[in-house]
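Coordinate-derived values only; no laboratory data. Values in this document were obtained by computation on a predicted structure and should not be read as measured data. Glycine also receives a Cβ, built like all others from the backbone with ideal geometry; neighbour counts cover every protein chain displayed.
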Amino acid sequence: MSSTSSGDTAPVTLATLREMKRRCEKFACLTAYDASFASVLEDAGIEVLLVGDSLGNVIQGHDTTLPVTLMDMIYHAQCVNRRRRRALIMVDMPFMTDAVPDQALGNAARLLKEGGAHIVKLEGGAVMASTIRLLSERGIPVCAHLGLLPQSIHKMGGYHVQGRDSQSADKILADAGILAEAGADILLLECVPAQLTARIVNAVDVPVIGIGAGASCDAQVLVLYDMLGITPGKRPKFSRDFLQDNRSVRDAVAAYVKAVKSGEFPGPEHTFN
Ligand code: KIV
């Protein structure tokens, strides 16, 4: 069995991640959608496997994540779970399966019961506070996804960096505090300027995972196929093709884990200001 930099082989829990944050030790997260990749990621010591609804893009070939269903998420979570050894499994709640608190509770429970999720992730700001409070009170861990929200792509009008002006930055900062207070166990920031990320990381006690959010996050996540350079089209600025400088997928994932933990990734060229 693989181990973290601290030599730990125990299952990763929320307490593990909180303790890593306290020790200023960064943790690594990647998306995983199937058993074989889950096994490779486990071997590399990834702490969090995200069964992301980005599977709608990279597995199913859709333009957005909107068509992804709860059954799709349960199926892929089950596939990942069969090769899970110690990583925490985070599973996305697909579009509108969390629109109403009671409905979100039932659907999140299915992701845990049937999919084997350890934590669910949902997108949205302060409007999600009552849902997060309900899930948290009922013992379901939650990661709150802020910044660029792919499920709101039509409302946002494109995949743009969020929080660039002071008003929208203050709103994201305020939302982060509200959702952490409501019981979110982890925050995930997507495509926000590094300066805003630093303010959020300082303002909340919970671990903050970033994607296109700069180096001050407690952890980084990338879409697996982006960091292997196999997603069709243009690679996002915040991603890096780790396979380019490595001989195998295993080496590329190991290089990613090392680069995240050492703080070498993301660099200034992957960061928005
Ligand atoms: O679905 C996903 O892969 C995600 C990442 C972009 C963080 O939410």
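Annotations
- FRET efficiency, 1/(1 + (r/R0)^6) with R0 30 Å, evaluated for Glu114 and Asp205 via beta carbons: 0.45
- Cα gyration tensor shape for the chain, rounded if a/c is under 1.5, else prolate or oblate: rounded
- Since only Leu173, Gly124, Ala35 are under comparison, the one whose Cα sits farthest along the positive direction of the charge dipole of the chain, derived from C-beta charges on Lys, Arg, Asp and Glu, is Ala35.
- Trypsin sites (Lys or Arg not before Pro) lying in DSSP loop within segment 117-155, provided at most 15 other Cβ fall within 10 Å: Arg138
- Its Cα centre serving as origin, the chain has a Cβ charge dipole (Lys and Arg +1, Asp and Glu -1) of approximately 360 debye.
- Cα centroid separation - segment 227-251 against segment 33-100, whole Å: 19
- Here the Karplus relation 6.51 cos²θ - 1.76 cosθ + 1.60, evaluated at θ = phi - 60°, turns the backbone of segment 168-181 into coupling constants of 6, 5, 4, 5, 5, 4, 5, 4, 4, x, 5, 6, 5, 5 Hz, with x for every Gly and Pro.
- For the chain, built as a Gaussian network whose Cα springs stay under 10 Å, the top-fluctuating residue of Leu224, Leu30, Leu134: Leu134
- The equivalent ellipsoid of segment 13-55 has semi-axes of 22, 11, 8 Å, largest first, where each one is the square root of 5 times an eigenvalue of the Cα gyration tensor.
- When +1 charges are put on Lys and Arg Cβ atoms and -1 charges on Asp and Glu Cβ atoms, the dipole computed for segment 1-117 relative to its Cα centre reaches about 480 debye.
- Other-chain or far-sequence residues with amide H under 5 Å of Ala28's (modelled H): Glu47, Val48
- Calculated FRET value between Asp34 and Ser168, using beta carbons and R₀ = 45 Å, to 0.05: 0.80
- Trypsin sites (Lys or Arg not before Pro) restricted to segment 230-273 and DSSP loop, no more than 10 other C-beta within 10 Å: Lys234, Arg247
- Listed by chain and number, the aspartates and glutamates whose C-alpha is less than 20 Å from the C-alpha of Lys26, apart from same-chain residues fewer than 8 away, are Asp8, Glu42, Asp43, Glu47, Asp185, Glu190, Asp205, Asp218, Asp251, Glu264, Glu269.
- Of Val80, Val91, Val161, the one that fluctuates the most in a GNM where the chain has Cα springs shorter than 10 Å: Val161
- With contributions of -39500 (n - 2.57) from each DSSP H run of at least four residues, the per-residue ellipticity at 222 nm computed over the chain stands at -11000 deg cm²/dmol.
- Among Thr13, Thr131, Thr197: highest mean-square fluctuation, GNM of the chain, C-alpha pairs under 10 Å: Thr13
- Computed label-point distance, nm, for sites Asp43 and Arg22 using a 7 Å Cα→Cβ extension: 3.4
- Along segment 32-46 the Karplus relation, 6.51 cos²θ - 1.76 cosθ + 1.60 evaluated at θ = phi - 60°, assigns HN-Hα couplings of 9, 10, 8, 5, 5, 5, 4, 5, 4, 5, 4, 4, 7, x, 4 Hz to successive residues, with x for each Gly and Pro.
- Think of segment 45-98 as having a plus end and a minus end, set by charges on the Cβ of Lys, Arg, Asp and Glu; of Gln60, Ile74, Ile46, Ile46 sits farthest toward the positive end of this dipole.
- Shape category assigned to segment 131-249 from the gyration tensor of Cα positions, a/c cut at 1.5: prolate
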